[in-house]
Protein chains: 2
Amino acid sequence: MSGAPRELTVELGERSYPIYIGEGVLDEAGNLFTERGISKKSPLMIITDANVAERHLGHLAEVLTSAGFTVVTAVVPAGESSKSLTELERLIGIALEHGLDRKSAIVALGGGVVGDLAGFVAASFMRGIKFVQVPTTILAHDSSVGGKVAVNHPLAKNIIGAFHQPELVLYDLKTLQTLPEREVKAGLSEVVKHGLIWDASFVTWCDENADKLTALDPDALGYALYKGCSVKAAVVSKDERENDLRAILNLGHTIGHALEAVAGYGELLHGEAIAIGMVGAARLAVRLGASEEVYTVTKHVLQRVGLPVRLPAHLATDEIMRAMMHDKKFQEGTMVFIVPTAIGVVEINKSVSTSLIREIVEQLKQEAI
Amino acid sequence: MSGAPRELTVELGERSYPIYIGEGVLDEAGNLFTERGISKKSPLMIITDANVAERHLGHLAEVLTSAGFTVVTAVVPAGESSKSLTELERLIGIALEHGLDRKSAIVALGGGVVGDLAGFVAASFMRGIKFVQVPTTILAHDSSVGGKVAVNHPLAKNIIGAFHQPELVLYDLKTLQTLPEREVKAGLSEVVKHGLIWDASFVTWCDENADKLTALDPDALGYALYKGCSVKAAVVSKDERENDLRAILNLGHTIGHALEAVAGYGELLHGEAIAIGMVGAARLAVRLGASEEVYTVTKHVLQRVGLPVRLPAHLATDEIMRAMMHDKKFQEGTMVFIVPTAIGVVEINKSVSTSLIREIVEQLKQEAI
Ligand SMILES: NC(=O)c1ccc[n+]([C@@H]2O[C@H](COP(=O)([O-])OP(=O)(O)OC[C@H]3O[C@@H](n4cnc5c(N)ncnc54)[C@H](O)[C@@H]3O)[C@@H](O)[C@H]2O)c1
Ligand SMILES: NC(=O)c1ccc[n+]([C@@H]2O[C@H](COP(=O)([O-])OP(=O)(O)OC[C@H]3O[C@@H](n4cnc5c(N)ncnc54)[C@H](O)[C@@H]3O)[C@@H](O)[C@H]2O)c1
Ligand SMILES: [Zn+2]
Ligand SMILES: [Zn+2]
């Protein structure tokens with residue numbers, strides 16, 4: 001099957017922008033950049049990480065240079081620790097040395113780490129310049145849409161940032177072929193999440209096409225990313241600044257973030273942690289009255305795409321609970337939780353008792369696999 | 001004369017906000033904060049510098065605490081070097097340790113340094129929280145209005161920042177009584193600038209009331225700050241993001257910034273450097289055909305409020321020119337310059353020859369005083 005190009009628009013009034021998904025869409029970067037008003041008079045800067053630079057930077061730089069853009073490149077170390085103010089300052093130094101100005105653009109070529117960091121460079125350099133997302137991980141179908149950009153503080157993740165929408169998102173399925181298998185599966189976790197919060201038939205589709213997805217079949221992958229981006233775009237269009245609805249995107253994330261923090265970033269990838277978190281949310285839903293199917297379907301589809309569903313027993317429940325309490329979504333004895341009331345439907349429950357969550361965490365350690 | 005409260009509004013659609021100017025307006029902070037939706041449920045953080053903390057922090061903290069707000073305070077060293085990513089990270093650490101959240105507000109108590117730094121903390125903490133400006137310098141009538149916030153990069157000033165409008169500006173004339181005389185005069189430079197770009201009759205008024213202004217007479221000062229803020233607000237309302245009109249606020253700044261850079265920050269205060277720059281712009285205007293009066297009136301009013309008009313001879317012209325070339329307003333052999341075509345009227349001239357500017361710089365070194 002072929003990964004023929006698909007296109008969708010993130011509707012945000014005058015900040016609306018297109019997403020192109022398909023095999024080889026990067027070859028069209030020159031035209032698409034020009035259509036979206038990226039200037040050839042001012043240099044643009046591609047920011048990427050060391051792993052992606054090795055595999056895909058040459059191609060993108062060449063396409064853009066041939067199209068007449070002046071291309072500056074900057075490579076950061078791979079990994080979460082590059083989302084720091086130190087890297088931000090270094091990148092802005094490179095931008096200044098190469099004469100970037102207010103008409104310049106920043107291009108993020110990479111996964112969520114590069115997208116978040118480069119996006120904050122674009123948001124803050126000269127108080128905001130244009131920005132293009134070129135996601136190269138499956139997870140980045142989530143992070144590249146919606147305009148949330150940030151770096152980390154030693155005390156908290158993603159705490160220093162901005163809302164800064166890109167001019168366009170260019171998703172070339174070819175770049176995904178070099179992604180390590182574990183990253184593929186972790187990325188599919190957010191794809192499934194977008195089904196679970198919004199579209200039951202897409203959850204069924206993920207289940208039926210799980211093997212194609214993990215094998216990176218271009219057409220299945222293109223469709224899944226298109227659907228995932230569509231859900232994200234629909235939610236963001238309705239609530240750009242996370243006042244209310246956008247919170248549903250956090251399904252699985254309250255437990256997930258706590259697991260990442262307690263395990264020490266690294267043991268669990270983000271997508272793995274939230275897979276476990278989504279099983280927890282489904283268990284919670286059933287305890288609160290939802291049909292048992294919410295739990296069985298959630299768990300099954302996640303297992304089908306190769307994700308973990310059992311919480312590693314060596315992670316102390318007390319520590320997980322403490323980490324959740326520090327989560328901004330917590331309030332006095334009860335917590336805010338995104339609860340799937342049916343497959344494809346979630347609600348924001350503002351008064352889930354913390355003791356019930358503790359029970360769920362314990363049960364997740366026993367989860368049959 | 002009394003400095004009875006004056007009020008004006010910065011018109012920016014749903015981001016509009018009021019400015020209160022008067023003696024003792026800080027005593028009303030409790031009500032005004034509440035009216036503007038600052039939450040009592042979440043802690044707020046006052047950021048100030050060491051000089052201002054000693055003189056005015058206790059009072060503001062007490063007023064707000066009495067009104068029922070939970071007040072966290074953070075003090076940075078006085079001076080431009082606090083506008084750094086290092087201070088930003090430290091302040092965000094304090095915010096996190098004291099439990100600030102998305103409903104919290106940041107209050108800037110101080111001059112332009114504190115306003116710019118605290119404003120960028122507010123813009124970037126959790127991707128943007130509420131912000132209140134409590135300016136304590138005369139110069140800050142300029143910096144506290146308009147929403148430009150930033151920190152410096154080792155290679156360039158104000159290069160990392162955002163547009164983040166405050167919820168309100170509270171300008172208590174009492175706090176200005178402790179300002180060092182040199183800072184008073186430097187601040188008046190931007191007051192005069194607002195007359196020169198927008199309102200000839202206000203320039204005349206500044207001339208006639210210069211002695212009262214330098215003596216910090218509350219009523220004269222209140223009126224001058226009200227007028228200065230009004231001009232700034234009018235310009236910003238028409239061009240929030242500095243696409244065109246807002247550039248007129250840079251009268252005197254092209255030369256001024258170059259002088260600050262070459263002298264090494266410290267020898268010349270910002271207001272002093274732009275006073276010399278405004279005389280240069282007036283000289284340029286006359287060379288380009290404006291009436292001689294543009295130059296004589298500009299120079300006279302600046303001298304009346306105690307500002308320098310002669311460029312220090314030891315600053316090398318070559319270095320000044322080089323510093324200007326790196327200025328973003330420069331383009332190929334000609335430069336963009338804000339030129340006063342009459343008192344109270346400026347134009348953006350996009351093709352002033354750099355050799356003419358060089359002549360002006362030389363003449364500024366001979367300026368009679
Ligand atoms: N802004 C948002 O809305 C949002 C949403 C979700 C997650 N995030 C952020 O996204 C980040 C995680 O993103 P991620 O999972 O993409 O991580 P990542 O960017 O670190 O990429 C994962 C790994 O894959 C490598 N890689 C990337 N593309 C590759 C390719 N094509 N071939 C080979 N290797 C490749 C990277 O070098 C890295 O080692 C986190 O920092 C998270 O906070 C942001
Ligand atoms: N954001 C904008 O639109 C804008 C516009 C103009 C200038 N600025 C910025 O403003 C800064 C300059 O502002 P500034 O001149 O107010 O400098 P500042 O904040 O450094 O204040 C000047 C000095 O006065 C002291 N001080 C302040 N208030 C005092 C008081 N009431 N009593 C006694 N001492 C007091 C300070 O500690 C400092 O030593 C620069 O960083 C400049 O880039 C920003
Ligand atoms: Zn996520
Ligand atoms: Zn100025």
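The values are calculated or read from the model by the stated rules, or taken from the named source; none is laboratory data. None of the values given here were measured: they were computed from a predicted structure. When we count neighbours, we look across all protein chains shown, and the Cβ atoms used for this are built from the backbone with ideal geometry, even at glycine. Ligands, DNA and RNA are excluded from the accessible area calculation, which covers all protein heavy atoms including side chains. Shrake-Rupley method; radii C 1.70, N 1.55, O 1.52, S 1.80 Å.
Observations on the model:
- Scan segment A:77-110 for residues that are open to solvent by less than 10 Å² (accessible area, probe 1.4 Å), within 15 Å of ligand 1 (Cβ to nearest atom) and more than 14 Å from chain B (Cβ to nearest Cβ) and the total you get is 5.
- Only one entry of A:174, A:103 meets the criterion of being closer than 21 Å to residue A:18 by Cβ and over 20 Å from the mean Cα position of the chain (by Cα), and that entry is A:103.
- There is at least one residue in segment B:287-301 that is at pLDDT 95 or above, more than 24 Å from the chain's Cα centre (by Cα), among the small types (Gly, Ala, Ser) and open to solvent by less than 30 Å² (accessible area, probe 1.4 Å).
- Residues within segment A:131-146 that are within 13 Å of chain B (Cβ to nearest Cβ) and either over 11 Å from the mean Cα position of the chain (by Cα) or over 18 Å from residue A:246 (Cα atoms) (or both), tallied: 0
- Leading residue by the ranking (nearest to ligand 3 (Cβ to nearest atom)) among those in segment A:208-230 that are open to solvent by 40 Å² or more (accessible area, probe 1.4 Å) and of a type outside the set (S, T, N, Q): A:227
- Residues satisfying the stated conditions in segment B:161-210, i.e. within 14 Å of another protein chain (Cβ to nearest Cβ) and within 16 Å of ligand 4 (Cβ to nearest atom): B:161
- Output for segment B:28-51, where each listed residue is touching a helix residue (DSSP H, G or I) at 6+ places or on another chain (Cβ under 7 Å) and β-branched (Val, Ile, Thr): B:46, B:47, B:48
- Qualifying position, being more than 16 Å from ligand 3 (Cβ to nearest atom) and in contact (Cβ under 8 Å) with a residue 12 or more places away in the chain, among A:121, A:113, A:145: A:121
- Selection of segment B:11-40 for residues being in contact with a His (Cβ under 9 Å, 6 or more places away or on another chain) and open to solvent by 30 Å² or more (accessible area, probe 1.4 Å) yields only B:27.
- Comparison of B:369, B:343 shows that the only residue that is among the aliphatic types (A, V, I, L, M) and outside the structural domain of residue B:207 (by TED's automatic domain parsing) is B:369.
- So residue B:74, is it closer than 20 Å to residue A:154 by Cα, in contact (Cβ under 8 Å) with a residue 24 or more places away in the chain and either part of a strand (DSSP E or B) or more than 14 Å from every other protein chain (Cβ to nearest Cβ) (or both): yes
- Boolean, residue B:62 is in contact with a His (Cβ under 8 Å, 6 or more places away or on another chain) and among the acidic types (Asp, Glu): no
- The residues of segment A:231-269 that are among the polar types (S, T, N, Q) and open to solvent by 10 Å² or more (accessible area, probe 1.4 Å), listed by number, are A:237, A:243, A:250.
- Residue, farthest from residue A:29 (Cα to Cα), within segment A:53-68, restricted to residues that are touching a helix residue (DSSP H, G or I) at 6+ places or on another chain (Cβ under 7 Å) and crowded, with 18+ Cβ neighbours inside 10 Å: A:56
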